[in-house]
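Note sheet for the following structure.
The values are calculated or read from the model by the stated rules, or taken from the named source; none is laboratory data. Because the structure is a prediction, the values reported are computed rather than measured. Positions of Cβ are backbone-derived with ideal geometry, glycine not excepted, and every protein chain shown enters the neighbour counts.
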Amino acid sequence: MKNLKVDVTDLKKNFGDNHVLKGIDFKVAQNEVVVLIGPSGSGKSTLLRCLNRLEDPTSGKVIIDGNDISDSKTNIDHARENIGMVFQHFNLFNNLTVGQNVELAPVELGKMSKEEAVKMAKELLDTVGLDDKYEAMPQSLSGGQKQRVAIARALAMNPDIMLFDEPTSALDPEMVGDVLEVMKDLAKKGMTMVVVTHEMGFAKEVADRVVFMADGKVMEEGSPEEVFDNPQNERTKTFLEKVINV
Amino acid sequence: MLKKVFQSIKRYQNSDVPFYNRSMIYLLKLKDIGEDRMKKIIALISCMFGLFVFINVYHEPQVNAAEKTYTIGTDVTFPPFVYADSNNNYVGIDMDLIRAIAKEEGFKAEIKPIGFNAAVQSLSSGQIDGVIAGMTITDERRQKFDFSTPYYKSGIVMAVAPKGNIKGLKDLKGKRVAVKTGTAGATYANSIKDRYGFRTVTFDDSDNVYNDVKNGNSAACFDDSAVLNYGVKTGLGLKVVTKPTDIGSYGFAVEKGKNKELMAKFNSGLKKLKANGQYNKIVEKYTGESATAAQKKASAKADSEGHTFIGLIKQNKSAILDGIFETIKLTVVSIICATIFGVLIGLLGVLPSKFARGASTTIIYIFRGLPLLVLALFIYNGVPSLTGSKVPAFVAGIITLTLNEGAYTAAFVKGGIDAVDSGQMEAARSLGLPFGRSMRKVILPQGIKIMIPSFINQFIITLKDTSILSIIGILELTQTGKIIIARNLEGFKIWTIIALIYLIIITVLTLLSKWVERRIND
Ligand SMILES: Nc1ncnc2c1ncn2[C@@H]1O[C@H](COP(=O)(O)OP(=O)(O)OP(=O)(O)O)[C@@H](O)[C@H]1O
Ligand SMILES: [Mg+2]
């Protein structure tokens, strides 16, 4: 693979005696959309959080865009500007309006002036279908609206890579579609994305590659057709049966 | 350069009240202040605090460069030797003597009526230069203090309630006897209690001793003959039933081996006063028939007009106002200092560094754990006896409250920040915002809202805790109450008045805080 955006080698992560990641190799090429699936507790979130060092790896290498994230000498704040992250529970800044949520980081980090940021925030909110919510407080939004603001907020830093940790799991079913729509658009525009999700439909339609994790290891990976229609690993088979039969 | 500094100090001194107001407003606006301005404000406030301490420490020697000033500790009430007259001026044989000697010898005596016990302790720790408080010269005291030539001969007598059936020492078997802490009367009572089979109970103030006998809790009390005789003559309501035991004389004391110059001046001044007849005049003024008659008449007059609440407030208006002002001053300055200290220590406690968090936890643990009273005495009496430099009572009081209230503030600042969902910090960091910026822009504004009720609560506690500083002799509201009661023995009414005043100040403070809270929440 050329132009590796994410290059993880032999990543291990322990929480005390709990060995959560047991030697992960994980690569993502430019413009690629990778969907991470696996049973609860398999370490999907932990892997994702190691990619922007919200968790410190116990050992192994995490290289993003040529930057060694796992090296403590790397300026992590600088590296994070390039890695957007969307959380299951949105984590919108409760003390700020929707507009301010989007504008905060670019203005604070000197990426643009306040006026430019306002213009950009309005455009981004327009692309996620929330141009009328610029002045609203996060508390007044529905879950689906919050998640779309969170995506706009991450995009405001103009990142090369976007990480999504179960972005639709906390949403009412009728809200899920709106958020997935925004993510599909993003994928079409060529964003490099790593998505943890249980939305198998989304994975089949959008993913270039599906990675199945269990017990802190990558068990199987391949194109959506390969993994969903013809799984090789026993664990993958039982997992998919459970998920699809729900 | 130095001149400039002093000029600016003068200016700050003159404008200290507006300064408090300004910094209060800054503090409350904290949430929408930018990084640079906040740094500047913190720097400004710390400078002010530094200056404030500096002024209080170095103020006196500077102003009185020509005449040397000595700080003289004395009792709160020990008539006829020392007591406050109705204008709250300290008078009595000891007071007139020390003032006359100071005049004779050309020095200034700054009188600190902090109570016998506190005076003796402060003398040992070097907080004050001398003590004149009807102190009997004993061998035990000679170990720690140097005494002047005796200025008054006294003995211990026993006083009882007039209606009781106690007529002498023999009747005390199985009874309880009241004495005042650290006095010769207490020493005497303890030396004979086994022989006569009585128990002793100690109080810090003379009026508590007398009251205990009057209301029958104790059968008798022992005190200096001059004091008790004076009291009996002026209507104290006790009667003396024994002859004075010859236990010696009163002397002026300085710390052993120190302040030799002051001691020499005292002795030479006393000699001159005795030679020119002024000494006899002073003693006569307070113990002669005319003096005691006048005092009796005065207290009778006070009786007729002053047993109402209004009368008591009128009589003690200026003393009470001074006390209120001192309490408010203490409260405002310590709220500001404790808030700054508490916020800084609280923030230290949420930094990623383990060392910083440990330091914060330790500071909170120590200063929240120490009783305020112990901390006050430690800073006022303990530290100076180690370092040898004086700490003015006001500054010691501010430091005490800053450390103690600041520790509580730090704890809820930390708690308030921890109460903000951890996802908020993760989201901010994931955007590339550094820790400090995430803290200020996202976490603190949410945390402060959680903390506001605790801040208001802490302000009120600070106000109440200023009363504990009466122990180190600060003339705030509580100490003022004690002194007034020492004079007029109107315990119930005066404490009612003092309590009401506290409630009024607390109400004002609460309303003010609520108003600020509403403004912040908008
Ligand atoms: N901060 C932490 N401290 C201790 N243990 C943790 C921590 N975060 C995660 N773990 C543990 O690591 C394991 C993997 O957690 P992780 O959240 O990565 O799983 P997941 O695959 O994302 O599961 P889910 O589908 O339920 O989100 C779990 O056993 C979890 O208890
Ligand atoms: Mg997870």
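For first residues located in segment A:49-61 and at the interface with chain B (Cβ under 10 Å from one of its Cβ atoms) and closer than 23 Å to A:A154 by Cα, partners that are within 12 Å of ligand 1 (Cβ to nearest atom) and assigned to a loop (DSSP other than H, G, I, E, B) and lie 6+ apart or on another chain with Cβ distances below 7 Å form the pairs A:R49/A:E55. Among the residues of segment A:105-123, those that are without any contact (Cβ under 8 Å) to a residue 12 or more places away in the chain and either at the interface with chain B (Cβ under 9 Å from one of its Cβ atoms) or buried (at least 16 other Cβ atoms within 10 Å of the Cβ) (or both) comprise A:V107, A:E108, A:M112.
If you filter segment A:158-189 down to residues that are within 16 Å of ligand 1 (Cβ to nearest atom) and under 12 Å from the mean Cα position of the chain (by Cα), you find that the one that is farthest from A:L47 (Cα to Cα) is A:T168. The set of residues from segment A:37-79 being of a type in the set (D, E) and more than 16 Å from ligand 2 (Cβ to nearest atom) comprises A:D56, A:D65, A:D68, A:D71, A:D77. Summed over segment B:97-113, residues that are in a helix (DSSP H, G or I) and buried (at least 21 other Cβ atoms within 10 Å of the Cβ) total 4.
Name the residue, out of B:D146, B:D139, that is out of contact with any strand residue (DSSP E or B) (no Cβ under 6 Å at 6 or more places or on another chain) and farther than 15 Å from B:I93 by Cβ.
Of the residues listed, the single one that is out of contact with any strand residue (DSSP E or B) (no Cβ under 6 Å at 6 or more places or on another chain) and farther than 15 Å from B:I93 by Cβ is B:D139.
Among what's in segment B:396-435 and is in a helix (DSSP H, G or I), β-branched (V, I, T) and more than 24 Å from B:E476 (Cα to Cα), pick the residue that is nearest to the other protein chains (Cβ to nearest Cβ). Among those that are in a helix (DSSP H, G or I), β-branched (V, I, T) and more than 24 Å from B:E476 (Cα to Cα), it is B:I417. Residues in segment A:20-50 that are under 16 Å from A:K61 (Cβ atoms), of a type outside the set (G, A, S) and over 14 Å from the mean Cα position of the chain (by Cα): A:L21, A:K22, A:I24, A:D25, A:F26, A:K27. Selection within segment A:63-85: residues that are in a strand (DSSP E or B) and closer than 16 Å to B:L431 by Cα. The member of this set that is farthest from the other protein chains (Cβ to nearest Cβ) is A:I64.
The criterion of being surrounded by 20 or more Cβ atoms within 10 Å (Cβ to Cβ), free of Cβ contacts under 8 Å to residues at least 40 places away in the same chain, in the same structural domain as A:R209 (by the TED database) and not charged (D, E, K, R) does not hold for A:I37. Just a yes or no: is a residue in segment A:171-181 outside any helix (DSSP H, G or I) and within 16 Å of ligand 2 (Cβ to nearest atom)? Within segment A:171-181, one or more residues are outside any helix (DSSP H, G or I) and within 16 Å of ligand 2 (Cβ to nearest atom).
Under the condition of being more than 8 Å from ligand 1 (Cβ to nearest atom), surrounded by fewer than 23 Cβ atoms within 10 Å (Cβ to Cβ) and either small (G, A, S) or part of a strand (DSSP E or B) (or both), the residues counted in segment A:14-25 number 5.
The listed residues are A:Q147, A:Q100, A:Q88, A:Q139, and the only one of them that is surrounded by fewer than 21 Cβ atoms within 10 Å (Cβ to Cβ), within 16 Å of ligand 2 (Cβ to nearest atom) and within 14 Å of chain B (Cβ to nearest Cβ) turns out to be A:Q88. Take the residues in segment B:366-388 that are without any contact (Cβ under 8 Å) to a residue 12 or more places away in the chain and of a type outside the set (A, V, I, L, M, F, W, C); name whichever of them is nearest to B:I471 (Cα to Cα). Step by step, filter segment B:366-388, then rank; the result is B:P371. Scanning segment A:185-237 for residues that are more than 16 Å from ligand 2 (Cβ to nearest atom), under 17 Å from A:K5 (Cβ atoms) and assigned to a strand (DSSP E or B) yields A:T192, A:M193, A:R209, A:E221.
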